Amino acid sequence: MDSGVFGLDTLNRKMDSLILSVPYDHRPIIGIGGMFHGRYTAVQSLYVQAVEDAGGIPLVLPVIQETATLLRYSNMIDGLLLPGGEDVDPRFYGQQASPKMGEVDLRRDYYELQLIRIARRKGLPVLAICRGMQVVNVALGGTLSQDIPSDSLYIPRVEHHQKSEKAVLEHSIKIRPDSRLCQLLGQDLLTVNSFHHQCVRQPAPEMRITAEAIDGVPEAMEGENILCVQFHPEALYQTHPEFRSLFTDLIQRSQKYAEKSLKEGLGRAGEQ
Ligand code: MN
């Protein structure tokens, strides 16, 4: 698009020629989990921008409870990005709410728990961030710590709820050398930002913790085509390019999924 100001006639002429001439776009479509924000369906623009910058087509998926709708969503996308947000209701991992628990939204819980189950079933690639990591763990049968500072399992040596802004690095993490994350970053030590008071406690049977802070709080978790991180790469990749690889990895995995679906006549390709 022109960066200059142009009128409707110019725009329409441009569009008439583009509509006829632009070739089919094969970039993978990445569904981004939505949330309620007051009367709005919302998603933070940083996630949308990160997907676009990494070479994917972002598609915000509104919070809907109907399984049939979520299955249709899953046919329209080649990968799934689960963003940060509220706490997950502890009923889904068999616990009573602690007084330290933050806000929860059952509608969003039901929606994401279903999306994760569908994604796992179909082998849809997933990148889960912050709450995303926690909800993946719950969906697959793990538990959470409802509040890190009041959980005696963790010695309070690290500030996980940083006061500085999102692009500031707060604490270091140690990454398992045999993990996908280590492979992507090319290093086993990393400094990350941190905006959480909950964390994965007992990992789900099929998931493996692949990074921890020095207090033992899990900062990354991996499973079959699922990469979860507790920090916020979407707020970091523009100033700290090493975090970009998390998004390009999602796009590459989604591209593979799209090609496989096309061959097998499944998913998005199957709907055309
Ligand atoms: Mn942290």
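The values are calculated or read from the model by the stated rules, or taken from the named source; none is laboratory data. Treat the numbers as computed from the prediction; the structure is a model and nothing was measured. Using ideal geometry, Cβ is built from the backbone for each residue, glycine included, and neighbour counts are taken over all protein chains shown. SASA here: full protein model, heavy atoms, side chains in, ligands and nucleic acids out. Shrake-Rupley method; radii C 1.70, N 1.55, O 1.52, S 1.80 Å.
Relative contact order of the chain, please, whole-number percent, based on alpha carbon pairs below 8 angstrom and at least 6 residues apart.
Relative contact order, the chain: 20 percent.
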Compute a Gaussian network model of the chain, connecting alpha carbons closer than 10 Å, and tell me which residue from Phe247, Phe92, Phe231 fluctuates the most. Phe92
Might you tell me the accessible area per residue for the range 1-130, computed with a 1.4 Å probe and given in Å²? 56 Å²
If amide hydrogens are placed 1.01 Å from N in the peptide plane, which non-local residues have theirs closer than 5 Å to the one on Asn193? Glu170, His232
What's the long-distance tail for the chain, i.e. % of Cα pairs beyond 32 Å? 25 percent
Over the range 183-272, one equal point on each Cα, no solvent: what is log10 I(q)/I(0) by the Debye formula at q = 0.24, 0.26 Å⁻¹? -1.24, -1.36
What residue among Lys100, Lys122, Lys14 shows peak mean-square fluctuation when the chain is described by a Gaussian network model with Cα springs under 10 Å? Lys14
What the 5 Å binned alpha carbon P(r) of the range 1-130 shows, as percent of pairs per bin from 0, is 2, 9, 16, 17, 16, 13, 10, 7, 5, 2, 2, 1, 0
Ranked output for segments 5-13, 181-189, 57-65 by mean other Cβ atoms within 10 Å, highest leading, reads 57-65, 181-189, 5-13
Of all the accessible heavy-atom surface of the range 202-272, with the other protein chains kept in place and a 1.4 Å probe, what percent is carbon and sulfur? 51 percent
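How long are the semi-axes of the ellipsoid equivalent to the range 64-167, from square roots of 5 times the Cα gyration tensor eigenvalues, in whole Å, largest first?
Values: eigenvalues 149, 51, 29 Å².
Equivalent-ellipsoid dimensions as semi-axes: 27, 16, 12 Å.
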Got a number for carbon plus sulfur as a percent of the range 28-91's accessible area, 1.4 Å probe? 55 percent
List, in order, the whole-Hz ³J(HN,Hα) value for each residue of the range 177-190 obtained from phi through the Karplus relation with A = 6.51, B = -1.76, C = 1.60 and θ = phi - 60°; use x for Gly and Pro. x, 9, 9, 5, 4, 5, 4, 5, 8, x, 7, 10, 10, 8
